[in-house]
Amino acid sequence: FMPEFKCCVNAPSKHGPTDVYRGPDCVRQFLARVVLTAEQHADTINNRNPSIRMTDLDQVIHDLSSDCYICAKPFAPDDTVVRDHCHYCGVYRGAAHSACNILLTVRREVIVLMHNLRRYDGHLIMQEIGVIAEARKLKLSCIPRTMEDYISFTIEIPHCHMSVRFVDSIQFLQASLES
């Protein structure tokens, strides 16, 4: 069960312009753009920490709440009840168990889904990641199946506490794209 948020989390995603690049170093350009996107996302997260915005009605609802709005379980007398709010816009979302609230932390990870990444594209990307990681002091981790077949790999960007995780979307399908 996940609650329906009444804040900017439900707003339509605002994607920037589409980047198109054709050239001999297309993989390097792609990875540089992905890392830049992660760094920009980190700036957005780091520069936002609004205080909770609660109306008088929100306060009354909070005071009368007997169930966690996240897990829908009742509060026990010894539970720590917190005011969950959006860390982007500050809007109060509801009364919650402290543990449930902690599970809703802002992700510090950009996930890149690529279809059939385990094969040819993953091999090209892994070759170039080493060059970029060394030049920019990034950390790499990988979940391999074989020396050239990867389930997932991650670039950690220490200076902004972000990571970029590449995942093969074919792992989530039970059939081919054609079917």
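Determine the dipole magnitude for the chain: charges of +1 sit on the beta-carbon of Lys and Arg, -1 on that of Asp and Glu, nothing else is charged, the reference point is the Cα centre, and the result goes in debye to the nearest 20. Value, rounded to 20: 380 debye.
Sorting 112-120, 132-140 by average packing, meaning the other beta carbons within 10 Å per residue, from highest down gives 112-120, 132-140.
Of the beta bridges in the chain, as assigned by DSSP with both residues counted there, near 75 percent are antiparallel.
Relative contact order of the chain, taken over Cα pairs closer than 8 Å and 6 or more residues apart, is 21 percent. Around the amide H of residue 75, modelled in the peptide plane, lie the amide H atoms of 67, 68, all under 5 Å away and 5 or more residues distant in sequence or on another chain.
Proximity of backbone amide H atoms, modeled 1.01 Å from N, is registered between residue 151 and 143, 145 at under 5 Å, excluding neighbours fewer than 5 places apart on the same chain. Across the options 27, 123, 44, the greatest Cα extent toward the positive end of the charge dipole of the chain (unit charges at beta carbon of Lys, Arg, Asp, Glu) belongs to 27.
Phi angles of segment 26-39 translate, via the Karplus equation with coefficients 6.51, -1.76, 1.60 and θ = phi - 60°, into HN-Hα couplings of 5, 5, 4, 5, 4, 5, 4, 5, 5, 5, 4, 4, 5, 5 Hz per residue; Gly and Pro are given as x.
How much area per residue is accessible in the chain when the probe is 1.4 Å and only protein heavy atoms are counted (Å²)? Let's see the in-between values first.
Working: 11980 Å² over 179 residues.
On a per-residue basis, the chain sits at 67 Å².
Using the alpha-carbon positions of the chain, Rg (one decimal) and Dmax (whole number) come out as 20.8, 64 Å. Name all residues of segment 138-170 having a backbone nitrogen under 18 Å from the label point set 7 Å from the Cα of residue 39 along its Cα→Cβ direction, giving them as ranges. Under cut-off, by backbone N: 138-140, 155-165. Determine ³J(HN,Hα), in whole Hz, for all residues of segment 72-77 in sequence, where each value follows from phi through the Karplus function 6.51 cos²θ - 1.76 cosθ + 1.60 and θ = phi - 60°; x replaces Gly and Pro. Couplings: 6, 8, x, 7, 7, x Hz.
A probe of 1.4 angstrom, applied to the heavy atoms of all protein chains, finds residue 41 with accessible area near 60 square angstrom.
Label zone (residue 102, point 7 Å along Cα-to-C-beta; backbone nitrogen cut-off 17 Å) within segment 49-79: 70-71, 76, 78-79. What separates the Cα centres of segment 35-98 and segment 138-179 is a distance of 31 Å. Taking segment 72-97 and a reference point 7 angstrom along Cα→Cβ of residue 51, the backbone N atoms nearer than 15 Å belong to 90-92.
The values are calculated or read from the model by the stated rules, or taken from the named source; none is laboratory data. Keep in mind the model is a prediction, meaning the values are calculated, not measured. Ideal geometry is used to build each Cβ from the backbone, glycine not excepted, and the neighbour counts take in all protein chains shown. Heavy atoms of the whole protein, side chains included, go into the accessibility calculation; ligands, DNA and RNA do not. Shrake-Rupley method; radii C 1.70, N 1.55, O 1.52, S 1.80 Å.
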